[in-house]
Amino acid sequence: MSTWLRNNQVPALAGLACALIVGAIALIFFYAPEDADQGLSQKIFYFHVPIALTAYACFGWGAWKALLVLWKRKPGADLESYVAIHQGVIFGALTLITGSIWAKISWGVWWTWSEKQLVLFLVLFLFYSAYFMLRFSVEAGPQRENLSAVYALFGVVLIPVSFLAIRLSQRFIHPTVFTTDGPQMSGSMFFTFCVTWAGLLVLAVTMYRVELVGKRLDARLRELRELLA
């Protein structure tokens, strides 16, 4: 069984992600209770917050791989950092979309520039989006790897700033669910939240592995073409 899992990691991860997400959707709509104030619209919380946390995790993993590029000169770490940041940008875009939908339904606005926590997440998203412009403006090689790694490490500083901005907010537009006293939700709601987040994390890992395999195959094919030319 262990040998099969080693040889079929991506299909196994994909199956687990599918099972967790299907289970999470069932829990969201049939198990977790409706919020007393927001009603059915509050259920987007179970997607919005885990997606945002998954984006943070992807950016953090990308920064860790960037550190390995600069510190250990680990082969392949540059590509792994790039793919992780790419996944983070995807989940970051989904965070902004789901947050805007939730805000419009609940508070009647798609966006408000007066909310620092919203603006800080947008800054984080745009910062990492600009990573690709920097990366592909430099020829492949050690210089690109070093510049990309330094940029990724600078960006990771924005993650705790963005996270703490939500913790410190006193405005109604972005309610704080997790406080120093623990999660401000019932047991069934917290269980549903955890299952959803687990599903999204496994989905992110699956997407990361699939893209990484594709990028490595593409690089290998380019090398073979150069050898045959």
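The values are calculated or read from the model by the stated rules, or taken from the named source; none is laboratory data. Fair warning: this is a prediction, and the values are worked out from it, not measured in the lab. With ligands, DNA and RNA removed, areas are computed over all heavy atoms of the protein, side chains included. Shrake-Rupley method; radii C 1.70, N 1.55, O 1.52, S 1.80 Å.
List of remarks:
- Given K74/K215; K43/K215; K65/K104, the pairs whose alpha carbons are separated by over 27 Å: K43/K215; K65/K104
- Only protein atoms count toward the accessible area here, which uses a 1.4 Å probe; on segment 42-102, the carbon and sulfur part of that area reaches 77 percent.
- Sorting K72, K104, K65 on solvent-accessible area from highest to lowest, probe radius 1.4 Å, gives K72, K104, K65.
- Rounded accessible area per residue of segment 6-141, 1.4 Å, Å²: 49 Å²
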